[in-house]
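As C-alpha cells, the structure follows; a few thoughts come after it.
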Amino acid sequence: MRVVELNDVSFAYEGGPPVLSGVDMSIDRGEFVAIAGPNGGGKTTLVRLIVGLERPGAGEVLLGGSPDQPRRLPIGYLPQRADARLDAPITVTELVLAGRVPVRGVLAPLRAADRRAAAEAIERVGLTELRDRPITRLSGGQRQRAFIAKALAGEPELLVLDEPTAGVDADAQEALAALLDGLRRDLGVTVLYVSHEFGAIEPYVERLLLIRGGIVFDGKPSELPSSWHDPSHVHG
Amino acid sequence: MCMADVLGLPLASILDAEFMRLAFASGAVVGVLAPAIGFFLVQRQMSLIGDGIGHIAFAGVALGYLIGVSPVLTALIASVAGAVGIEQLRSRRRAVGDQALALFFYTGIAAGVVLISAANALNATLFTFLFGSILTVTRGDVILVGALGIAGLALIAVLYQGLVAVAVDEESARVSGIPVSRLNVTLAGLAGVAVALSMRIVGILLIAALMVLPVMTASRIARSLASALVSSMAIGLVSVLAGLVISYYFDLAPGGAIVLFAAILFCLASLVEMLGLRRDGG
C-alpha cells in the first residue's frame, strides 16, 4: 500500500525563492525512509508538505491515496526539538494520554481502553517506571521516547520525526534506532526520519532520499556515491 | 476566636448582609472559572490575552450605558467577540506576535472612553466595573454567573484532553487531525465569558490577574498537569473569598484585595519552589 505520494510538487514561501521544485516520490507501508540533505536544502519543508502543515504551490500530495489529509491517514509527528513548553508540569502518562485524542475524538470521555493504550505505548518505549514523572525531569533521550509514545498512542500508520537526534547522546540514539526498527517490524508503522546526520540509525534505514531543492538521490544507503557520504556536503 | 475578633473588627457576621452573600456566591464561581480557563492560556504563553479582553469588555460596558442595556450583557457580547477576533488574527498570522493583542487592547480602551464620554457616564458606578465592588452584585448577576460559569467549567472538563494536546504542541495536534482551530476559538470565547462574568467582583482592570496568578502559583507546587489545574482553581477560589472578606472588613475595592492576596500566595509558592520542596515527581 502506498502511504505517501508526491506528484511534481513545488513550493516557495511567500515572496521567497523556490525551496522545492518538481518533487516526485512515493513511500510504501512499512518502509523505513531517511531524508537527508544540507541545511536549507528543503528537508523540513518537504516533511511539512507531507504532513499537511504547508500546501504545495504546484503538484499534489497524496496520503493513503487521498489528497484530503491528514484525516484519512493517522500520522504521528515529532517536530524539531519536540518538547512541551508548558508552565505546569506534565507527566509522561498525561502527555501520552493527550496523544489518544485523535483516536477517540475531542468530545469523547477518556475510557479504560485509552488508559490501556497509553500504558502500552509507554511500555513499548521503556518508560513504565517513569510514567508518573514530569517530563521536565527526564533526560533528552527519555523525553524524546515520551513524545514517541504520545505519537504511538494515536495509532499512527506514518511516524514522521524531524531531526530527532538533535541534543541526544549516542546511547539514546542507539535506543531510538532500535525502537523505530521494532515499531516498523512489529506494528507495520511507516517511518520517515529526517536528519542531517544519522549515526546509529543508519543500519536500519532501507531507503535514503537526499534533498537539495529537489530529490538528488533516492536509493539504498549502500548505493550512495562515496563522495556524498556526508549528506551535509551534498552538491546537486 | 476568629481573625476579625483578633483585629478588633466589627463582629457582625459577614454573611448577615445579603450583598455579601451575593458577592460570595458570584465570587466563588468566578474564582474557580477564571483560573480554569486561564490555565490553558498560560500554558500557551498567552497570559496577557485576559488584559486585552478586559479592555474590550470596558467598551462593552460603555456601550451598555450609552444604549441603556445591562452593561454586563453588552460586556459579555463584546468580550466574546473580541476574544474570538484576537484568536482569529493570531491564528491566521494577520498580525505578528502580540500585535493582535495590542490592536484590540488599545482599540477597546479608546472605544470605551469615547462611548463613556458620549453617554456622559464617567461616574462612580463606572469605577465599580473597573476595580470591582462587593455592593453591586445583584441576584440577576448571580444567576447569570452561576449558569454560564457552570456551563464553562463543564465545557473545560469535556475538552480537557484536547486542550492539553493543543497546548503541548499545536502543530502535532493539527497533523494528527485534532480540530485545533475550533478548540482555540472555543477557548478564546470562554476567556471572553470569564472576563465578563468576573468584572463585577474583580474589576475589568484586574480580571486578567485572576486568570493568571493562581495558575502560576499552582505550577510551582504541583506534580502533574491535572493537579496543577485543580490547584489553580482552589487557589483562585481561596483568593477571591479571602479578598472579599478583606474588602468587607477594611472597606477596600475587592479587585485589589483579591489580586494582592493571589500575589502573596504566588510569592509563598515561589519560596517553596526555591527551597526545593516541590515536584519531586516519580
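Readers should treat all values here as calculations from the given coordinates under stated rules, not as data from a laboratory. Bear in mind that the values here come from a model prediction, so they are computed numbers and not experimental data. Neighbour counts run over all protein chains shown; Cβ positions are idealised from the backbone, glycine included.
Sort B:Phe39, A:Phe147 by Cβ crowding within 10 Å, fewest neighbours at the top. Please report the intermediate quantities before stating the final value.
Values: B:Phe39 30, A:Phe147 27.
Ordered from fewest to most neighbouring Cβ atoms within 10 Å, B:Phe39, A:Phe147 come out as A:Phe147, B:Phe39.
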Checklist entry - Hey, how many Å between the Cα centroid of the range A:168-196 and the Cα centroid of the range B:213-282? => result 43
Checklist entry - Out of the range A:101-204, which GluC sites (Glu not before Pro) are coil in DSSP terms and have no more than 14 other C-beta atoms within 10 Å? => result A:Glu197
Checklist outcome for this item: With x for Gly and Pro, the residue-by-residue ³J(HN,Hα) of the range A:205-218, computed from phi through the Karplus equation 6.51 cos²θ - 1.76 cosθ + 1.60 at θ = phi - 60° and given in whole Hz, is 6, 8, 8, 10, 10, 9, 10, 8, x, x, 8, 9, 8, 9
Checklist entry - Between A:Ala166 and A:Ser226, what is the label-to-label distance in nm when each label sits 7 Å out along the Cα-to-Cβ direction? => result 3.3
Checklist entry - What do you get when you divide the Cα radius of gyration of chain A by 2.2 N^0.38 Å, with N the number of residues? => result 1.01
Checklist outcome for this item: Out of A:Ala151, A:Ala112, A:Ala166, a Gaussian network model of chain A with alpha-carbon springs under 10 Å gives the largest mean-square fluctuation to A:Ala112
Item to check | P(r), alpha carbons of the range B:128-282 - 10 Å bins starting at zero, rounded % | outcome: 11, 33, 34, 19, 4, 0
Item to check | the range A:1-124 - Kirkwood radius from inverse mean 1/r over Cα pairs (Å) | outcome: 16.9
Checklist entry - Given labels modelled 7 Å from the Cα in the Cβ direction, how far is it in nm from A:Glu14 to A:Ala108? => result 3.7
Item to check | Label-point separation, A:Asn39 to B:Ala154 (7 Å along Cα→Cβ), nm | outcome: 5.4
Item to check | Extension gain from B:Ala118 to B:Leu15, taking 0.36 nm per residue of separation minus the Cα-Cα distance | outcome: 33.2 nm
Item to check | R0 of 30 Å, Cβ-Cβ distance A:Val216-A:Glu120: FRET efficiency to nearest 0.05 | outcome: 0.15
Item to check | Estimated 222 nm signal from helices in the protein assembly as shown, with DSSP H stretches of n ≥ 4 weighted -39500 (n - 2.57), rounded to 500 | outcome: -18000 deg cm²/dmol
Next on the checklist: Connecting C-alpha atoms closer than 10 Å in a GNM of chain A, tell me which of A:Pro164, A:Pro203, A:Pro109 has the biggest fluctuation.
Outcome noted: A:Pro109
Next on the checklist: Relative contact order of the range A:83-141, please, whole-number percent, based on alpha carbon pairs below 8 angstrom and at least 6 residues apart.
Outcome noted: 55
